[in-house]
Amino acid sequence: MTLSRRETLFLSIPSDPGLARIARLVSLHFLKQNGVKARESRLEAGLVETRCRALLRASAGRGAGRAAQGNRVAVPLMFVMTLVSGIRELEVSIRRSDGSGRRRLLRLRRPAAP
């Protein structure tokens with residue numbers, strides 16, 4: 001990756017707190033690939049998991065709020081985790097699939113090139 005390019009990774013997660021570990025694994029890999037040292041990557045990815053688990057637990061079992069038209073089946077609530085590597089910063093945020101409630105889980109300054 002060149003430093004002048006911005007890359008974005010999206011991950012869709014159902015509102016199941018048991019899947020918060022996937023958020024940790026994805027963010028760990030993302031941070032390592034973008035030059036964050038191993039120890040700091042593990043700590044920050046653990047923080048992402050903790051914050052993500054709290055959000056998923058708070059909304060577990062809730063539908064999107066409306067039943068699908070016609071057959072009255074509740075649409076499951078999903079979350080979209082966004083990982084962005086910019087020129088100066090790395091950011092991990094999460095939002096509900098209906099577009100509401102965006103929340104930043106992590107923001108780090110990009111490590112200086114050696």
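Whenever a residue of the range 83-110 is closer than 14 Å to Leu31 by Cβ, its partners that are surrounded by 14 or more Cβ atoms within 10 Å (Cβ to Cβ) and among the aromatic types (Phe, Trp, Tyr), lying with C-beta atoms within less than 9 angstrom and at least six residues away or across chains, give the pairs Leu83/Phe30; Ser85/Phe30; Leu90/Phe30; Val92/Phe30.
Considering only the range 59-70, I want to know if a residue exists there that is assigned to a helix (DSSP H, G or I) and at pLDDT below 95.
So in the range 59-70, the residues assigned to a helix (DSSP H, G or I) come out as 59.
Next cut, at pLDDT below 95 only: 59.
Yes: one or more hits.
Only one of the numbered conditions (1) modelled with pLDDT of 90 or more; (2) not in a helix (DSSP H, G or I) is violated by Arg24, and that is (2). Is it the case that Leu47 is hydrophobic (A, V, I, L, M, F, W, C), in contact with a strand residue (DSSP E or B) (Cβ under 8 Å, 6 or more places away or on another chain), surrounded by fewer than 19 Cβ atoms within 10 Å (Cβ to Cβ) and closer than 12 Å to Leu108 by Cβ? Yes.
For the range 90-114, which positions are surrounded by 14 or more Cβ atoms within 10 Å (Cβ to Cβ) and part of a strand (DSSP E or B)? Before the answer, list the steps.
The first filter runs over the range 90-114 and keeps only residues surrounded by 14 or more Cβ atoms within 10 Å (Cβ to Cβ), leaving 90-97, 105-106, 108, 110.
If the condition is that a residue be surrounded by 14 or more Cβ atoms within 10 Å (Cβ to Cβ) and part of a strand (DSSP E or B), then Leu90, Glu91, Val92, Ser93, Ile94, Arg95, Arg96, Leu105, Leu106, Leu108 are the ones that fit.
Annotation note: Cβ proximity below 8 Å between a residue of the range 36-51 that is part of a loop (DSSP other than H, G, I, E, B) and a residue that is modelled with pLDDT of 95 or more (sequence gap 6+ or interchain) occurs for Val36/Glu44. Within the range 26-44, the residues that satisfy the criterion of being of a type in the set (A, V, I, L, M) and surrounded by 15 or more Cβ atoms within 10 Å (Cβ to Cβ) are Val26, Leu28, Leu31, Val36.
The values are calculated or read from the model by the stated rules, or taken from the named source; none is laboratory data. Owing to the predicted nature of the structure, the values given are computational and were not obtained by experimental measurement. Here the Cβ is made from the backbone with ideal geometry for all residues, glycine too, and neighbour counts use every protein chain on show.
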